[in-house]
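First up is the structure itself, then whatever we jot down about it.
Read-outs throughout are calculated quantities, based only on the coordinates presented, and are distinct from any laboratory measurement. What you see is a predicted model; the values in this text were computed from it and never measured. Here the Cβ is made from the backbone with ideal geometry for all residues, glycine too, and neighbour counts use every protein chain on show.
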Amino acid sequence: MQLLTGISLGSIYALLALGLCLIFGMLNVVNFAHGAFFMVGAFLGVYFLGITGNFWLSLVITPLLTGCIGLVTERFLVRPLYGRGIDYPLLLTFGLSYVLIEAMRVTFGIEGLPSITPEGLGGAMNVGFGYFPKYRIFLIGATALILFAVWFFIQKTKYGLIIKAGAADQEIVKVLGIDIAKVWLFVFALGCAIAGLSGILASPTRSVNPEMGIPILAESFVVTVVGGMGSPVGAVVAGLLVGIVYSMTSLFFPDFAELSIFVLMAVVLIIRPQGLFGKAGAMG
């Protein structure tokens, strides 16, 4: 049971880290507002679920809205900083995260919103060796479906191939007549939409408050570093690994659960400095 709990937790980590990796791998931008987009997604998801009573509708609206916020962010805030070094967008997105946090405080209050479990996904079900919450089972399945959809889009579609080509060599893509700025815009929005989707999926399992994105940002960066900066496969594998390590440590040594994932990161970096699936010099 604890292993399944770790996989469900790792599913959220994997989604978040995937969004981070897409943005870093293509734009070379370390998005410090990623946790804030996760938080905004949780708030919007719970808000629309409360208004409409339809979880599936909220699941569609939320990533679209967070993706639109990402579009505006990239076009008017991040884009003018391209070419000035990695520190500039990092500091900008760090400041943006606090703007988004304050916006949620003003809009929904400092206490946040009560989390809501979707109708039909409450309670537990027999998984053969015990009972496990239905929603966490849904979370694992939904994450697997989303990850497959993202993989299929990037690997099997024309636009996905353009994104891969742009990540490998932007100059070649420009020479071929493709507007690389539009590709950057889309990738940043996609990464933010995935963060927002992670937020609404995670909202029934945790408190929805303006500060909820701060700890998970640190954890998602741990996942990204363990998997390898810019590696989507590494993000997924490391996300599940970190979730399982956290969950199993919580069972046997609960006081060290938070510390365990940073110990894991330290061990991986000692053995393989570029991460499990990363390339040497990715941050260069």
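For the reader, a short list of remarks on this structure follows.
- As a rough guide to protection, the peptides 178-190, 150-162, 101-113 ranked by mean Cβ packing within 10 Å, highest first, stand as 178-190, 101-113, 150-162.
- Span-rule helices in the chain, defined as complete DSSP H runs reaching 24 Å or more along the axis (Cα) with Kyte mean at least 0.5: 2-27, 34-52, 55-73, 87-108, 134-156, 180-202, 232-252
- Estimated [θ] at 222 nm from DSSP helical runs (n ≥ 4, -39500 (n - 2.57)) normalised by residues in the chain, nearest 500: -24000 deg cm²/dmol
- Amide H contacts of VAL208 (H built 1.01 Å from N, under 5 Å, at least 5 apart or other chain): LEU113, SER115
- The value given for the chain is a Kirkwood hydrodynamic radius of 19.2 Å, derived from the mean inverse Cα-Cα separation.
- Gaussian network model of the chain, Cα within-10 Å springs - most flexible of GLY239, GLY53, GLY128: GLY128
- Calculated FRET value between LEU121 and PHE94, using beta carbons and R₀ = 35 Å, to 0.05: 0.50
- Residue order, fewest to most beta carbons within 10 Å, for PHE256, PHE221: PHE256, PHE221
- Two-site FRET efficiency, LYS182 against LYS156, from Cβ-Cβ distance with R₀ of 22 Å, rounded to 0.05: 0.60
- When you count the other C-beta atoms within 10 angstrom of each residue and take the mean per peptide, 258-264, 191-197, 87-93 line up highest first as 191-197, 87-93, 258-264.
- The stretch 20-61-the stretch 145-211 distance, computed between alpha-carbon centres (Å): 13
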